[in-house]
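Here the structure comes first, spelled out in structure tokens, and everything after it is commentary.
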Amino acid sequence: MTVDVNKTDGPDATPPAGPEAIKAIPVRHPGRYVSAVVAIALLGAVVYAFAQGNINWGAIPDYFFDDRILHGVWNTLLLTVLSMVIGIAGGILLAVMRLSKNPVTSSIAWFYVWFFRGTPVLVQLFVWFNLGLVFEYINLGPIYKDYWSSFMTPLLTALLGLGLNEAAYMAEICRAGLVSVDEGQTEASHALGMSHAKTLRRIVIPQAMRVIVPPTGNEVINMLKTTSLVSAVQFADLFKEAQDIGQNAGSTVEMYFLAAAWYLIMTSILSVGQYYVERYYARGSSRSLPPTPLQRLKAVVLPTRRPKGVTA
């Protein structure tokens with residue numbers, strides 16, 4: 001008599017074996033390792049090439065805090081702030097004109113945006129700078145009269161060239177923000193007796209800021225870098241000062257590296273400020289705000305402690 005070992009009936013039945021545990025095998029990504037090696041090799045090749053080049057690296061720290069460089073940094077920051085003030089003020093005005101039901105003001109705003117966005121900034125700077133060849137005097141009647149060459153200083157040329165051009169871009173940014181606000185907000189404000197100007201100031205613009213602020217921060221950073229173009233009209237910004245020092249000291253390339261380092265420092269600081277401003281205006285549109293850089297650093301350096309008895 002034979003006994004079936006796989007018998008499942010009766011008190012001595014052998015329970016069926018359970019399913020085997022799944023052994024998860026992670027997916028391999030050899031392409032990631034190859035691309036990482038290639039990227040590191042290219043970076044090393046670039047660093048080695050510059051290390052072997054005929055570059056006087058000691059000239060960079062020698063002039064990094066030179067009075068002329070610091071003066072150029074100050075002029076660059078001043079020009080950035082003033083140009084953005086002109087651009088933002090002009091952009092808001094043009095955006096309101098574009099959205100106006102008056103066909104004349106709407107057409108004028110459209111033409112302004114089309115013209116200034118369609119021509120290069122450098123060309124505009126040269127046009128403003130050389131208008132003295134067309135107009136000998138600037139005559140505002142009893143208010144002001146002078147030679148055009150005396151009136152159009154490098155600073156004024158830079159402000160007009162950068163500020164008026166920026167107003168065209170800010171007009172589209174502001175218009176997009178104003179359009180993003182639901183029309184019901186405006187209708188409700190008018191129903192409460194608020195004027196159109198008060199509705200814009202108290203209702204529409206505060207809600208539109210969530211859409212306007214992020215691209216405006218990018219425009220500020222871009223404006224800081226675009227100020228380097230004003231060296232072509234003899235304004236003493238950071239790039240112009242570094243260029244003059246490099247030509248006099250025989251360290252042209254080294255001074256370009258120095259200017260690039262200063263631009264990186266300034267744009268990095270502005271980027272941090274932009275992050276916190278965007279975070280502030282995102283409070284009404286996000287349930288949980290993203291962690292700040294300081295909070296992320298604390299999470300890495302000081303990880304949250306687990307309760308006792310809990311293992312990883």
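Just a few scattered comments:
- Tally of residues being closer than 17 Å to Asp66 by Cβ and surrounded by fewer than 18 Cβ atoms within 10 Å (Cβ to Cβ) across the stretch 228-252: 6
- From the list Phe126, Phe116, Phe111, the lone residue that is in a helix (DSSP H, G or I) and closer than 18 Å to Ile173 by Cβ is Phe116.
- Identity of the residue in the stretch 32-55, aromatic (Phe, Trp, Tyr) and over 31 Å from the mean Cα position of the chain (by Cα), that ends up most open to solvent (accessible area, probe 1.4 Å): Tyr33
- Being open to solvent by less than 70 Å² (accessible area, probe 1.4 Å), farther than 24 Å from Asn222 by Cβ, in a loop (DSSP other than H, G, I, E, B) and without any contact (Cβ under 8 Å) to a residue 40 or more places away in the chain holds for only one residue in Gly132, Gly141, and it is Gly141.
- Pair list, Cβ < 6 Å and 6+ apart or interchain, from the stretch 32-56 residues that are touching a residue at least 12 places away in the same chain (Cβ under 8 Å) to residues that are among the β-branched types (Val, Ile, Thr) and open to solvent by 90 Å² or more (accessible area, probe 1.4 Å): none
- Residue-level check: of (1) in contact (Cβ under 8 Å) with a residue 40 or more places away in the chain; (2) touching a Gly at 6+ places or on another chain (Cβ under 8 Å), Tyr147 misses just (1).
- Residue identified as over 24 Å from Glu166 (Cα atoms) and open to solvent by less than 60 Å² (accessible area, probe 1.4 Å) among Gly87, Gly58: Gly58
- Residue within the stretch 273-295 that is closer than 25 Å to Gly58 by Cα, of a type outside the set (A, V, I, L, M, F, W, C), in contact (Cβ under 8 Å) with a residue 12 or more places away in the chain and assigned to a helix (DSSP H, G or I) present: no
- For Lys225, the requirement of being open to solvent by 60 Å² or more (accessible area, probe 1.4 Å), at pLDDT 80 or above and basic (Lys, Arg) is met.
- Sole residue being of a type outside the set (Ser, Thr, Tyr) and either assigned to a loop (DSSP other than H, G, I, E, B) or modelled with pLDDT of 95 or more (or both), chosen from Val96, Val37, Val5, Val104: Val5
Conditions (1) more than 18 Å from Leu78 (Cα to Cα); (2) in contact with a helix residue (DSSP H, G or I) (Cβ under 8 Å, 6 or more places away or on another chain), marked per residue:
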site: Val123; (1), (2): yes, no
site: Asn130; (1), (2): yes, no
site: Tyr147; (1), (2): yes, yes
site: Ser150; (1), (2): yes, no
site: Thr153; (1), (2): no, no
site: Thr157; (1), (2): no, yes
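- Considering the conditions (1) modelled with pLDDT under 85; (2) loosely packed, with under 10 Cβ neighbours inside 10 Å, Asp67 is excluded by exactly one of them, (1).
- Only one entry in Leu178, Leu155, Leu162 is in contact (Cβ under 8 Å) with a residue 60 or more places away in the chain, within 35 Å of the chain's Cα centre (by Cα), closer than 28 Å to Thr80 by Cα and open to solvent by 40 Å² or more (accessible area, probe 1.4 Å), namely Leu155.
The values are calculated or read from the model by the stated rules, or taken from the named source; none is laboratory data. Model, not experiment: these values are computed from the prediction. Cβ sites come from the backbone with ideal geometry, for glycine too, and all protein chains shown count toward neighbours. Protein only, heavy atoms only, side chains kept; ligands, DNA and RNA dropped before computing areas. Shrake-Rupley method; radii C 1.70, N 1.55, O 1.52, S 1.80 Å.
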